[in-house]
1. Quick one: which strands (runs of 3 or more DSSP E) lie wholly within the range 303-413 and hold at least 1 residues that are open to solvent by 10 Å² or more (accessible area, probe 1.4 Å)?
2. Does at least one position in the range 416-423 carry a residue that is under 30 Å from A299 (Cα atoms) and assigned to a loop (DSSP other than H, G, I, E, B)?
3. Being of a type outside the set (S, T, Y) and closer than 28 Å to S114 by Cα narrows it down to one residue among Q448, Q412; which is it?
4. Just for the range 482-496: of the residues that are open to solvent by less than 70 Å² (accessible area, probe 1.4 Å) and assigned to a helix (DSSP H, G or I), which one is nearest to L310 (Cα to Cα)?
5. If I ask for residues that are among the polar types (S, T, N, Q) and open to solvent by 70 Å² or more (accessible area, probe 1.4 Å), which ones from the range 414-427 would you list?
6. Of everything in the range 439-456, what is polar (S, T, N, Q) and in a helix (DSSP H, G or I)? Give them in sequence order.
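The values are calculated or read from the model by the stated rules, or taken from the named source; none is laboratory data. Given the structure is predicted, the values throughout are model-derived calculations rather than measurements. Backbone-built Cβ (ideal geometry, glycine too); neighbour counts: all protein chains shown. With ligands, DNA and RNA removed, areas are computed over all heavy atoms of the protein, side chains included. Shrake-Rupley method; radii C 1.70, N 1.55, O 1.52, S 1.80 Å.
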Amino acid sequence: MWTANEIAQLCYEHYGIRLPKQGKPEPNREWTLLAAVVKIQSPAVQACNIPDKPAQVTKEVVSMGTGTKCIGQSKMRKSGDILNDSHAEVIARRSFQRYLLHQLQLAATLKEDSIFVPGTQRGLWRLRSDLFFVFFSSHTPCGDASIIPMLEFEDQPCCPVSRDWAKNPSVEARSNLEAPENKKKREDLDSPITKKMRLELGTPAREIASGAADHQSCSKQESGQIPPAVSSSNLASVTRIALGGAQVVDVHRTGAKCVPGEAGDSGQPGAAYHQVGLLRVKPGRGDRTSSMSCSDKVARWNVLGCQGALLTHFLEEPIYLTAVVIGRCPYSQEAMQRALIERCQNVSALPKGFGVQELKIQQSDLLFEHSRCAVQAKRADSSGRLVPCGAAISWSAVPEQPLDVTASGFPQGTTKKGIGSLQARSRISKVELFRSFQKLLSSIPEDQWPDSLRVQKLDTYQEYKEAASAYQEAWSTLRKQAFASWIRNPPDYHQFK
């Protein structure tokens with residue numbers, strides 16, 4: 001029906017055509033992350049509707065986000081008008097919520113076709129049966145999904161060690177593991193050509209050293225002619241080679257820090273550096289953030305849905321992702337499964353409609369043009385520091401003002417004097433999504449409201465969220481059984497109207 005490369009290519013094309021230059025990385029100096037939600041219409045229903053027409057799968061990007069930054073706790077605001085977390089995955093999900101609100105508006109006012117059809121209960125809607133959503137990210141989510149085995153020919157963050165990563169990632173690190181006969185190979189791996197080839201994750205180190213692999217130029221990478229990405233299977237084989245002494249394995253680091261209350265990382269050299277499976281918060285520059293890692297957030301969405309508490313009022317069941325596709329980057333299928341699914345797989349007694357989903361996880365071998373790896377390869381001989389792009393771009397498939405470019409949580413160009421004004425709000429900030437929710441509510445006659453909104457008079461953002469009782473029960477169950485140390489913002493950050 002679809003392939004990982006088709007999803008990646010669609011997203012890359014959308015990024016190039018529909019997103020403005022404003023907010024994109026400065027050439028040869030900055031990099032960013034990309035994420036998107038793709039709507040897929042299955043062919044079975046199409047074929048039934050038009051018998052003589054060959055069935056085709058329809059794929060459409062409905063939300064997109066770029067970004068790499070978070071704000072620190074000291075910059076958080078109780079007015080809901082700042083984006084706390086501007087990582088691409090979070091921007092794409094908030095943009096997706098904006099799209100869902102628009103689609104509910106279409107359904108409720110009967111103006112035109114919507115992705116929603118009436119549910120069985122008053123005021124509730126459900127997703128059309130022929131539609132599902134695939135989440136794309138150009139890189140593995142920060143946090144647990146990015147703690148993955150590292151191949152010898154990649155740049156090592158510290159002294160590598162030889163071990164069976166899959167079975168025992170926490171064994172104490174050892175040094176001086178290299179046999180004398182391998183020293184020449186290691187010297188070969190430090191040559192200028194080899195250093196460039198380290199970026200090409202599909203080329204085994206032993207082939208680089210022997211000259212058996214052809215060097216893929218940056219121009220070939222740009223045209224899509226890139227070697228296959230590292231898969232879980234050849235990661236496992238490299239680990240086995242490491243046990244024989246010919247190869248060594250480290251782990252890729254994540255900048256996300258363990259939350260208070262969780263067992264911490266050992267910080268030991270090599271594969272023992274991180275402890276896997278833990279909740280983590282995104283790092284801040286001297287100012288701790290309250291933003292959970294993207295691995296943790298995607299795992300949460302896989303149980304509670306992507307719609308959030310507010311939209312649950314109008315939905316008969318959560319809006320789940322069917323699949324996650326990752327672009328060309330260091331990757332481990334086992335780490336992705338562990339981080340996004342297995343940490344929650346034993347959660348039980350969830351309210352009706354909620355459950356841990358069997359998320360399909362795949363990797364594309366297409367590289368994002370503004371990824372850190374791609375930009376680094378292009379500027380191999382350039383001087384100056386490569387830095388993450390400070391801006392974030394939000395795009396939603398909505399007719400009015402689909403784009404939103406922010407920096408430090410506010411629309412780009414916002415001055416200190418302007419903060420607090422209507423113009424200084426991102427369209428996907430809490431307060432603006434709440435305003436869209438209230439607009440939806442006001443367009444529906446009160447006697448057609450769902451029961452959850454008719455029980456009591458609701459006023460603040462917090463009150464509307466808490467009134468989504470099934471969602472709150474599911475979230476409480478998930479925290480008790482799997483995510484007990486999850487950092488939650490105090491209620492006074494949600495008291496705006």
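1. On the way: elements: 323-326, 360-363, 391-396, 403-407.
Hits in the range 303-413: 360-363, 391-396, 403-407.
2. The first filter runs over the range 416-423 and keeps only residues under 30 Å from A299 (Cα atoms), leaving none.
Checking the range 416-423: not a single residue is under 30 Å from A299 (Cα atoms) and assigned to a loop (DSSP other than H, G, I, E, B).
3. On the way: Q412 fails: closer than 28 Å to S114 by Cα.
Criteria check complete, one pass: Q448.
4. Let us first name the residues in the range 482-496 that are open to solvent by less than 70 Å² (accessible area, probe 1.4 Å), namely 482-483, 485-487, 489-490, 492-494, 496.
Those still in the list that are assigned to a helix (DSSP H, G or I) too: 492-494.
Numbers: D492: 17, Y493: 16, H494: 13 Å.
So the residue we want is H494.
5. Initial filter on the range 414-427 (among the polar types (S, T, N, Q)): 414-415, 421, 423, 426.
Residues satisfying the conditions are T415, Q423.
6. Pass one, the range 439-456, residues polar (S, T, N, Q): 442-443, 448, 452, 456.
Within the range 439-456, S442, Q448, S452 qualify.
Yes or no, residue by residue, for (1) in a loop (DSSP other than H, G, I, E, B); (2) open to solvent by less than 20 Å² (accessible area, probe 1.4 Å):
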| site | (1), (2) |
| --- | --- |
| I91 | no, yes |
| A107 | no, yes |
| S114 | yes, yes |
| R122 | yes, no |
| S129 | yes, no |
| F136 | no, yes |
| C142 | yes, no |
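Yes/no per residue for (1) in contact (Cβ under 8 Å) with a residue 40 or more places away in the chain; (2) among the hydrophobic types (A, V, I, L, M, F, W, C):
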| position | (1), (2) |
| --- | --- |
| T109 | yes, no |
| S114 | no, no |
| V117 | no, yes |
| T120 | yes, no |
| L131 | yes, yes |
